[in-house]
Amino acid sequence: MLNIALFGPPGAGKGTQSEFLIKKYKLFYISTGNLLRKEIKEESDLGLAAKSIIEEGGLVSDEIIVQIIEKTIKNNPDANGFLFDGFPRTYVQAFILEGLMIKLDTSLNRLISIDVPEEVSVKRLMERGKTSGRSDDTEIVIRNRLKEYHDKTLPVLKY
Ligand code: ADP
């Protein structure tokens, strides 16, 4: 198995690079952001719990993230490997990921960190907001997402 995590601030291009990597290495793509947006669309309990936090640009609780990650991994036992986009984003999630990999008798083989200057991020995401239909691609929310990244996610890189 080959397991890769893509790390970086909102707007770094994780989604774009994911497309290349999943094709090249035939990986199963897991974007916690996409999975959450799907839950919101389906109006599941999980989606309802996550909705207002996403709209504010905060981080959804680790409990919710762990549930969707476990479910997705369990439903894809034959995967060649996983590409995690936007996960782990907290220390707790990093511990959990390690545990899940051990359970599958594998490990996280690579973590690729993509960096981008803050103002470039804001510009890109505001541009994306014109067509993405994502309510969190507005300046105030983007700045909050970047703050959450610096406060809670960036420290995970050390781990
Ligand atoms: P981006 O990286 O561009 O901010 P994502 O689609 O990865 O976009 O995430 C959108 C939102 O979903 C985040 O702002 C956050 O509220 C929530 N989210 C996604 N992944 C996680 C995660 N691993 N932990 C907590 N919240 C998450």
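Laboratory data are not the source of any read-out in this text; all were calculated from the coordinates shown. No experiment lies behind these values; they were computed from the predicted model shown. Heads up, the Cβs are rebuilt from the backbone with ideal geometry, glycines too, and the neighbour counts pull from every protein chain shown.
Check residue 28: other-chain or 5+ apart residues with amide H under 5 Å from its amide H, H built from backbone geometry?
80, 81, 82, 83
Around residue 6, with a cut-off of 9 angstrom between Cβ atoms, what is the net charge of the other residues, counting Lys and Arg +1 and Asp and Glu -1?
Details: positive: 14; negative: 85.
Counting the neighbours of residue 6, the net charge comes to 0.
So what's the back-of-envelope 222 nm ellipticity for the chain, counting only DSSP H runs of four-plus at -39500 (n - 2.57) apiece and dividing by all residues, rounded to 500?
Details: 7 runs with 85 residues, N = 159.
The helix contribution divided over the chain gives -16500 deg cm²/dmol.
How many angstrom lie between the C-alpha centres of the range 116-144 and the range 25-43?
20 Å
Give the long-range amide H neighbours of residue 111: residues separated by 5 or more places, or on another chain, with amide H under 5 Å away, using H modelled in the peptide plane at 1.01 Å from N.
5
List the residues of the range 124-159 whose backbone N lies under 12 Å from a point placed 7 Å from the Cα of residue 16 along the Cα-to-Cβ direction.
The answer is 124-125, 128.
Which entries of 130/158; 41/147; 41/158; 51/130 show an alpha-carbon separation above 32 angstrom in the structure shown? Walk me through the numbers on the way to the answer.
Values: 130/158 35 Å; 41/147 26 Å; 41/158 35 Å; 51/130 20 Å.
Result: 130/158; 41/158 exceed 32 Å.
Could you tell me how many degrees, from 0 to 90 and to the nearest 10, lie between the Cα long axis of helix 139-148 and the main elongation axis, the longest principal axis, of the Cα atoms of the chain?
40 degrees
Over the range 1-124, what number does the Rg to Rh ratio reach, with both radii from the alpha-carbon atoms and Rh per Kirkwood? Don't skip to the answer; put the middle values down first.
On the way: Rg = 14.4 Å, Rh = 15.1 Å.
Radius of gyration relative to Kirkwood radius: 0.95.
Once you place label points 7 Å from the Cα toward the Cβ at residue 128 and residue 56, how far apart are they in nm?
It is 2.2 nm.
Just how large is the dipole of the chain about the Cα centre, in debye to the nearest 20, putting +1 at every Lys and Arg Cβ and -1 at every Asp and Glu Cβ?
Working: 23 positive and 23 negative charges, 101 e Å.
Result for the chain is approximately 480 debye, rounded to the nearest 20.
Modelled label-to-label distance, residue 143 and residue 24, 7 Å Cα→beta-carbon offset: nm?
Reported label-point gap for residue 143 and residue 24 is 3.7 nm.
Just for the Cα atoms in the range 103-159, what are the lengths along the principal axes, largest first, rounded to whole Å?
Dimensions of the range 103-159 along the principal axes of its Cα atoms: 43, 22, 16 Å.
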